[in-house]
Amino acid sequence: MSTVLPKSPLMALLRDMPKAELHIHIEGSLEPELIFALAERNQVELPYADVAALRRAYAFTDLQSFLDIYYAGASVLLHEQDFYDMARAYLARAVRDHVVRAEIFFDPQTHTARGVPMASVINGLYRACREAERDWGISCDLILCFLRHLSEEEALVTLAQAMPLRDRFIGVGLDSSELGHPPEKFARVFARCRALGLRLVAHAGEEGPPAYIWSALDVLQVERVDHGVQALQDAALVQRLARERIALTVCPLSNQMLQVFPDLADHNLPQLLEAGLVATVNSDDPAYFGGYINENFVQLFAATGMGARQAYQLARNSLQASFAGAASKAAWMEQLDACFVRHGMEAAITP
Ligand SMILES: Nc1ncnc2[nH]cnc12
Ligand SMILES: [Zn+2]
């Protein structure tokens with residue numbers, strides 16, 4: 001349930017500023033209403049009577065308690081059109097939050113395990129991306145995630161299944177249950193992806209220890225770390241992340257809902273910025289965690305007391321850390337500066 005917050009110039013700026021969303025699981029954007037509509041369309045039985053009963057189940061104690069419900073929700077996705085509808089709905093919502101660039105995670109193994117063809121998953125999502133670019137001017141690309149609770153052999157099979165559609169996704173990631181499944185379990189599949197020229201990211205340091213962030217960097221050679229909030233426990237790791245300008249895709253409302261930081265006021269994002277890290281704000285699974293990207297910004301800033309300078313830094317970080325081309329990034333940076341001037345916040349963008 002989102003808190004009602006006072007309208008202030010800062011909150012208006014947070015909502016209006018152009019930003020990139022770099023950590024969004026498309027299956028986590030499935031709203032309960034769409035889950036029920038797809039269940040009916042596809043004749044899938046759900047273990048919940050109605051939307052309200054499903055929403056009542058969204059009381060999570062940790063990552064695993066969320067994942068169990070998230071995978072159940074995804075069971076209604078069967079046909080290419082379902083994947084298209086889900087991504088179209090997310091992208092329409094992202095445009096309203098002034099997202100100019102979205103790098104969208106998807107979990108193919110959740111679907112291929114139920115007999116859904118890989119092509120249905122990728123083609124539906126891909127068509128939604130291209131049409132959103134055409135219709136709304138948002139830039140978007142897909143990142144295929146391997147489920148880390150499954151084996152590396154299964155990840156290798158998944159990669160082989162996706163190869164005929166290699167031009168339809170730009171990178172790979174690693175998600176699902178973190179504890180007990182360290183990044184190095186996926187060394188070979190990531191090496192293969194690197195050789196294929198795919199961009200590399202991985203969830204690390206959400207619930208897991210700093211050691212998982214080290215191995216995501218050293219073994220998988222990722223370019224960004226998803227979450228990474230546990231990095232602050234390790235001063236040498238913070239130095240490394242800052243020196244190499246490795247971005248962290250932080251998800252405040254997710255961290256609150258999964259009890260990583262039960263109180264948003266205690267979230268360590270202000271300290272991550274203070275330490276010189278390239279932190280960004282993202283929504284993770286917005287349909288489950290109470291808000292899309294702007295809600296993450298607004299609630300985090302209201303709880304921590306951060307101001308316009310941090311807003312500028314976070315928006316810049318997101319655009320800079322995206323896998324978009326240099327010309328697009330330069331254009332978005334200009335739009336960002338213009339937005340701060342329009343809001344009378346020039347002081348926040350002067351060095
Ligand atoms: N927050 C999260 N962590 C790991 N895997 C996920 N899959 C969807 N959301 C996730
Ligand atoms: Zn995530």
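The values are calculated or read from the model by the stated rules, or taken from the named source; none is laboratory data. Since the structure is predicted, the reported quantities are computational estimates derived from the model, not experimental observations. Cβ atoms come from the backbone with ideal geometry, glycine included; neighbour counts cover every protein chain shown. Side chains included, ligands, DNA and RNA excluded: accessible areas come from the protein's heavy atoms. Shrake-Rupley method; radii C 1.70, N 1.55, O 1.52, S 1.80 Å.
Side notes on the structure shown:
- Pick from segment 35-77, criterion in contact with a Phe, Trp or Tyr (Cβ under 7 Å, 6 or more places away or on another chain) and within 21 Å of residue 117 (Cα to Cα), ranking: surrounded by the most Cβ atoms within 10 Å (Cβ to Cβ): 77
- The condition (being open to solvent by less than 10 Å² (accessible area, probe 1.4 Å), away from ligand 1 (no atom under 16 Å from the Cβ), under 25 Å from residue 104 (Cβ atoms) and in contact with a helix residue (DSSP H, G or I) (Cβ under 6 Å, 6 or more places away or on another chain)) is satisfied by just one residue among 287, 247: 247.
- Listed by position, the helices (runs of 4 or more DSSP H) enclosed by segment 151-270 that each have at least 2 residues that are away from ligand 2 (no atom under 16 Å from the Cβ) and polar (S, T, N, Q) are 152-162.
- The set of residues in segment 223-244 that are open to solvent by less than 10 Å² (accessible area, probe 1.4 Å) and either within 14 Å of ligand 1 (Cβ to nearest atom) or farther than 15 Å from residue 210 by Cα (or both) comprises 225, 226, 227, 228, 229.
- Condition check for residue 65 on (1) more than 16 Å from ligand 2 (Cβ to nearest atom); (2) closer than 28 Å to residue 202 by Cα; (3) of a type in the set (Gly, Ala, Ser): one failure, at (1).
- Hits in segment 191-222 - residues which are of a type in the set (Asp, Glu) and in contact (Cβ under 8 Å) with a residue 60 or more places away in the chain: 206, 207
- Residues located in segment 78-109, provided they are open to solvent by less than 20 Å² (accessible area, probe 1.4 Å), out of contact with any Lys or Arg (no Cβ under 9 Å at 6 or more places or on another chain) and of a type in the set (Val, Ile, Thr): 104
- When 12, 39 are checked against the criterion of being farther than 25 Å from residue 178 by Cα, assigned to a helix (DSSP H, G or I) and either within 16 Å of ligand 1 (Cβ to nearest atom) or touching a residue at least 40 places away in the same chain (Cβ under 8 Å) (or both), 12 stands alone in meeting it.
- On inspection, residue 125 does not qualify as open to solvent by 40 Å² or more (accessible area, probe 1.4 Å), closer than 27 Å to residue 68 by Cβ and in contact (Cβ under 8 Å) with a residue 40 or more places away in the chain.
- For segment 258-281, residues that are surrounded by 23 or more Cβ atoms within 10 Å (Cβ to Cβ) and either small (Gly, Ala, Ser) or within 13 Å of ligand 1 (Cβ to nearest atom) (or both) total 2.
- Of the criteria (1) open to solvent by less than 10 Å² (accessible area, probe 1.4 Å); (2) over 13 Å from residue 317 (Cβ atoms); (3) of a type outside the set (A, V, I, L, M); (4) in a helix (DSSP H, G or I), which one residue 297 fails: (2)
- Residue check for residue 328: over 18 Å from residue 266 (Cα atoms), open to solvent by 40 Å² or more (accessible area, probe 1.4 Å) and either touching a residue at least 60 places away in the same chain (Cβ under 8 Å) or touching a helix residue (DSSP H, G or I) at 6+ places or on another chain (Cβ under 6 Å) (or both): yes
- Hey, residue 111 assigned to a helix (DSSP H, G or I), within 15 Å of ligand 1 (Cβ to nearest atom) and free of Cβ contacts under 8 Å to residues at least 40 places away in the same chain or not: yes
- Test: residue in segment 26-34 that is touching a residue at least 60 places away in the same chain (Cβ under 8 Å), out of contact with any Phe, Trp or Tyr (no Cβ under 7 Å at 6 or more places or on another chain) and within 16 Å of ligand 2 (Cβ to nearest atom): yes
- Boolean, residue 70 is within 16 Å of the chain's Cα centre (by Cα) and among the hydroxyl-bearing types (Ser, Thr, Tyr): yes
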